[in-house]
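Asker: A single structure is presented below for examination.
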Amino acid sequence: MSDQPLVSIITPSYNQAAYLDSCMRSVLEQNYARVEYFVVDGDSTDGSVEIIERLADQYSKRLKWWISEKDLGQADAINKGFRKASGDIIAWLNSDDLYLENAFQKIADYFRENPNIGLVFSDVISINAQNEIINIMRYKQWGLKDLMAFNIIGQPGVFMRRSALEAAGFLDTDYHMLLDHHLWLRIALKFEIGYLNGCLAAARFHPQAKNVAQAALFSREAYQLLEWMQISPDMSREFNKNKRMITAGAHCFSARYLLDAGMGKEAVKDYFLCLRNHPPTALKTFHRLAYALVSLVFPLEWLKKLFLGIKKTRAVYNDACVIKEWWNDAE
């Protein structure tokens, strides 16, 4: 046990009682000896505090600290946890997401075998409110240039060395949607990042999730991040080397979320801006451009249901990743 790195996990939460028990158990019931867990609740009024209190009593050796108070948003809440964390490996898990079985052991082994890596990310399962698999978000061995071009990695599958987090700095509270990607960029600027093939976590998509409920705001922050890369002394040199590809990536990312928000015309405009800046980037997501164009004629909701149905079928029948279900305590 003594040579196992300590894993620190932070969960920010606000009025997520429907999923909080499952989320917390996916951390507390990991088959890994050295875990410290912190829960930062934003003064919830839906019964979340009672769930935290119950699990704090049951898992007092692992749930080291929790609080329920008003905060300045998700970044502020997570930073509170970062300040408490003392682990060699640090991550956060939002209160509607889950870790899969043996995730911490796999991460500890990966960091031990790759001492030069400052951040590691895995594939991530997409699930709905009923714990059904609806998609698998797959990635590749990406580096700084790829992240700058808005190749987005799933936050629940990301783990950081403490040294990398401290060198890059904590989350920027000016970001509310792309706060994670902003941090990954700052880490990738200073450290190598690694890809662990396979799934370590599940991200939940439901109507109240911010990537669903506030999709249009992702577009706004993509351009905020693009501007930051141009003026940041550390980033500007890398940005200028790949300006058109990175700009195209921002347009493509923006278009995707605008489309999810039902803003078909705006999405089509962004997709064509992507095509004008860097055709190879646009061609990678040509199916989405076609989807955006068709949405101008046919009802978007009907198309979305068809698209998600196809993805769900592929995920269920063609992937070896398996979810462990953490059911709510019957008590």
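Read-outs throughout are calculated quantities, based only on the coordinates presented, and are distinct from any laboratory measurement. A quick note: this is a predicted structure, and the numbers were derived from the prediction, not measured. All Cβ positions, even for glycine, are placed from backbone atoms using ideal geometry, and neighbour counts span all protein chains on display.
Asker: Taking the Cα-to-Cβ direction at K265 and at L217 and moving 7 Å from each Cα, how far apart do the two end points lie in nm?
Answerer: 2.5
Asker: Show me the three semi-axes of the equivalent ellipsoid for region 243-289, from the C-alpha gyration tensor (sqrt of 5 times each eigenvalue), largest first, rounded to whole Å.
Answerer: Values: eigenvalues 55, 19, 13 Å².
Semi-axes (√(5λ), whole Å): 17, 10, 8.
Asker: Now for a separate question. Measure up K84/K145; K145/K284; K80/K140; K61/K84; K140/K265; K241/K269 against 22 Å on the Cα-Cα distance and list the ones that go over. Please report the intermediate quantities before stating the final value.
Answerer: On the way: K84/K145 32 Å; K145/K284 17 Å; K80/K140 31 Å; K61/K84 15 Å; K140/K265 31 Å; K241/K269 25 Å.
Beyond 22 Å: K84/K145; K80/K140; K140/K265; K241/K269.
Asker: Which log10 I(q)/I(0) values, to two decimals, does the chain give at q = 0.08 Å⁻¹ under the Debye formula with one point per Cα?
Answerer: -0.37
Asker: Let me ask another. Could I have the simple spin-label model distance between K140 and N102, label points 7 Å from Cα toward Cβ, reported in nm to one decimal?
Answerer: For the pair K140/N102, the computed spacing is 2.8 nm.
Asker: Could you check what % of the DSSP bridge pairs in region 7-211 are antiparallel, to the nearest 5?
Answerer: So the antiparallel bridges amount to about 30 percent of the total.
Asker: Tell me, how many Å apart are the Cα centres for region 183-261 and for region 35-79?
Answerer: If you average the Cα positions of each part, the centres end up 28 Å apart.
Asker: Sticking with this structure for a sec: Name the shape class, rounded, prolate or oblate, that the alpha-carbon gyration tensor gives for region 1-91, where a ≥ b ≥ c are the square roots of its eigenvalues, rounded holds for a/c under 1.5, and otherwise prolate holds if a/b is larger than b/c and oblate otherwise. All intermediate terms of the calculation are to be shown ahead of the outcome.
Answerer: Numbers: a/c = 2.32, a/b = 1.42, b/c = 1.64.
The shape class here is oblate.
Asker: How large is ³J(HN,Hα) for each residue in region 61-72, as worked out from phi by the Karplus curve 6.51 cos²θ - 1.76 cosθ + 1.60 (θ = phi - 60°), to whole Hz, x for Gly and Pro?
Answerer: Result, rounded to whole Hz: 6, 9, 7, 6, 6, 8, 8, 10, 7, 5, 9, 9.
Asker: Treating the angle as unsigned and between 0 and 90°, give the value, to the nearest 10°, between the Cα long axis of helix 264-277 and the longest Cα principal axis of the chain.
Answerer: The angle comes out at about 80 degrees.
Asker: Let me ask another. Could you give the length gained by full extension between R54 and F286, i.e. 0.36 nm per residue of separation minus their alpha carbon distance, to one decimal place? Before the final figure, lay out each step's value.
Answerer: Values: separation 232, 0.36 × 232 = 83.52 nm, distance 4.90 nm.
Taking 0.36 nm per residue and subtracting the Cα distance, the gain is 78.6 nm.
Asker: Extending each Cα 7 Å along its Cβ direction at E29 and E132, get the distance between those two points in nm, one decimal.
Answerer: Each label point lies 7 Å from its Cα, and together they span 2.2 nm.
Asker: Return the calculated 222 nm mean residue ellipticity for the chain, to the nearest 500 deg cm²/dmol, obtained by summing -39500 (n - 2.57) across DSSP H runs with n ≥ 4 and dividing by the residue count.
Answerer: Working: 15 runs with 166 residues, N = 331.
One gets -15000 deg cm²/dmol as the mean residue ellipticity at 222 nm.
Asker: If you don't mind, there's one more thing I want to ask. When DSSP assigns beta bridges and you keep just the ones with both residues in region 118-264, what percent turn out antiparallel, to the nearest 5?
Answerer: Details: 7 of 16 bridges.
Looking only at bridges with both residues in region 118-264, the antiparallel portion is about 45 percent.
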